[in-house]
Amino acid sequence: MRVAFLGLGAIGTPMAVHVAKAHQLTVWNRTRARADAFAAGHPCTVAGTPREAALGAEVVITCLPTSADVEGLLEGPDGLLAGLSRGTLFLDCTSGEPEASRRIGGRLAALGIVFADAPVSGGTNGAEAGTLTVMVGGTEETFRRARPILECFGRRVELMGPLGAGDAMKAVNNALLAANLLAVGEGLAALVKNGIPAAKAVEVLNASSGRSFVSEVLVPERVLTRLFPLTFRLALLDKDVRIAAGFLEQQGVSGPMLHLTSALLAQARASLGEQADYLEPVRLIEQEAGVELRA
Ligand code: NDP
């Protein structure tokens, strides 16, 4: 199939690599050099504009920071709308906002273009391995069409409900990740301050009921090693938790835990900046406690 992929960022790039293996791929990236570098290593065509990428594409995939960025890409003489044709399947893998996805979907439906929100989870490692979880919002018919494409990079591809349901699922998932990250950081800082070696505390935690993906994978691989690699920007996690807090409000769930998580992440983002990795708030907890979580 002719597939266009727009947004070769940290996660979009390894996702597009899998698409290139199975389909006739066209890529577009705002910074052209990134698209050219991608094309040097993978079979694909580079489009000069979103419009050019969409022309003739049977499937369009976007993976941008926010829904607002996706809406921005639709507009103008070089925008996606100028190139999309009736019947095209448009899959937005951005971790977006449910309301925005419903808005985009409605607008595209009026033009005969089929849209679904399809955010992913599993990180850049999962994207490289092709084992992402993909959370889809759309109709069952759209899902049937989308599934084989999403399975290029997804191991678990699930229809969560109508438009926006994928975004809601993803936002709640990431809010839980964020809450857990902060809580694990705080608990371990206190244990280390009390004289318990960080590695031992993590080992015992991981043999006990408080363990989690954060304690089993992220802390041992990225914190105790002091590697803190940049794989997912804190700014994007902050955006996700805000979306989750807004979603809880819409559902009439007061959600004090997730609101507090959102406030703490916003503070961390203000202090660490737009390029910091999402594990960096652990460093702030360490600084405040006067300890380091080191193996
Ligand atoms: P990055 O910040 O690494 O990359 C963002 C990409 O979007 C770049 O290609 C950038 O282009 C492009 N871009 C940014 N703003 C615009 C714009 N206004 N118009 C057009 N293109 C734009 O983000 P990620 O790849 O990490 O994340 C993408 C999405 O995937 C986000 O919604 C994120 O929450 C989600 N996600 C990320 C994960 C991760 O581990 N990184 C895991 C799961 C989901 P340029 O090269 O010009 O900067």
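The values are calculated or read from the model by the stated rules, or taken from the named source; none is laboratory data. Given the structure is predicted, the values throughout are model-derived calculations rather than measurements. Cβ placement follows ideal geometry from the backbone for every residue including glycine, while neighbour counts extend to all protein chains displayed. Accessible surface areas use protein heavy atoms only, side chains included; no ligands, DNA or RNA. Shrake-Rupley method; radii C 1.70, N 1.55, O 1.52, S 1.80 Å.
Please find the FRET efficiency linking ALA110 to ARG147, where r is the Cβ-Cβ separation and R0 is fixed at 25 Å, and quote it to the nearest 0.05. Walk me through the intermediate numbers first.
Values: r = 25 Å, r/R0 = 0.99.
The value I calculate is 0.50.
Against the longest alpha carbon principal axis of the chain, how many degrees, from 0 to 90 and to the nearest 10, is the axis of helix 234-250 turned?
80 degrees
For every other residue with a beta carbon closer than 13 angstrom to the beta carbon of ARG51, add +1 if it is Lys or Arg and -1 if Asp or Glu, then tell me the sum. Before the final figure, lay out each step's value.
Details: positive: none; negative: GLU52, GLU75, ASP78.
Net local charge, ARG51 excluded: -3.
Among bridges DSSP assigns within the chain, what percent are antiparallel (round to 5)?
On the way: 4 of 29 bridges.
Taking every DSSP beta bridge with both residues in the chain, the antiparallel ones total about 15 percent.
Just to check I understand the Karplus step: with θ = phi - 60° and J = 6.51 cos²θ - 1.76 cosθ + 1.60, what whole-Hz values come out for the range 255-272, glycine and proline as x?
x, x, 4, 6, 5, 5, 4, 4, 5, 5, 5, 4, 4, 4, 4, 4, 7, 9
For a quick check: with amide H placed at 1.01 Å from N, whose amide H comes under 5 Å from THR26's, ignoring anything fewer than 5 positions away on the same chain?
Distant-sequence amide H within range of THR26: VAL3, ALA4, PHE5, THR45.
Once you charge only the Cβ atoms, +1 for Lys and Arg and -1 for Asp and Glu, what is the size of the charge dipole of the range 39-127 about its Cα centre, to the nearest 20 debye? Don't skip to the answer; put the middle values down first.
Numbers: 5 positive and 10 negative charges, 42 e Å.
I would put it at about 200 debye.
Using a 1.4 angstrom probe, figure out how much accessible area the range 56-95 has per residue, in square angstrom, rounded to the nearest whole.
Counting only protein heavy atoms, the per-residue value for the range 56-95 is 32 Å².
Over the range 2-161, what relative contact order in percent results from Cα pairs under 8 Å that are six or more residues apart?
Numbers: 336 pairs, mean separation 31.4, N = 160.
It comes to 20 percent, rounded to a whole number.
Through the Karplus equation 6.51 cos²θ - 1.76 cosθ + 1.60, θ set to phi - 60°, convert the phi angles of the range 21-27 into ³J(HN,Hα) values in whole Hz; use x for Gly and Pro.
Per-residue couplings from phi come out as 6, 10, 9, 7, 9, 10, 10 Hz.
For ASP277, which sequence-distant residues (separation of 5 or more, or a different chain) have an amide H within less than 5 Å of its own amide H, given hydrogens modelled in the peptide plane?
LEU234
Give, in whole angstrom and from largest to smallest, the semi-axes √(5λ) of the equivalent ellipsoid of the chain, with λ running over the eigenvalues of the Cα gyration tensor. Walk me through the numbers before you get to the answer.
Details: eigenvalues 263, 83, 55 Å².
After diagonalising the Cα gyration tensor, the semi-axes are 36, 20, 17 Å.
Any idea what the dipole of the chain comes to, in debye rounded to 20, about its Cα centre with Lys/Arg Cβ at +1 and Asp/Glu Cβ at -1? Walk me through the numbers on the way to the answer.
Working: 27 positive and 30 negative charges, 84 e Å.
Computed charge dipole of the chain: roughly 400 debye.
Under 28 Å Cα to Cα from LYS239, which lysines show up? Leave out anything in the same chain fewer than 8 places away.
Partners found: LYS170.
With θ set to phi - 60° and the Karplus curve 6.51 cos²θ - 1.76 cosθ + 1.60, what are the ³J(HN,Hα) couplings of the range 176-185 in order, to the nearest whole Hz, using x for Gly and Pro?
Per residue, the Karplus-derived 3J(HN,Hα) values read 5, 4, 5, 4, 5, 4, 5, 5, 5, x Hz.
Can you tell me, using C-alpha contacts under 8 Å and at least 6 residues apart, the relative contact order of the chain as a whole percent? Before the final figure, lay out the partial values.
Numbers: 560 pairs, mean separation 40.6, N = 295.
So the answer I get is 14 percent.
Mark the label point 7 Å from the Cα of THR231 along Cα→Cβ and return the residues of the range 115-136 whose backbone N is within less than 18 Å of it.
Under 18 Å, as judged by backbone N against the label point of THR231, lie 120-134 of the range 115-136.
Tell me which residues come under 5 Å, amide H to amide H, from VAL157 once H is placed; ignore anything under 5 positions away on its chain.
Close amide H contacts, sequence-distant or interchain: VAL134.
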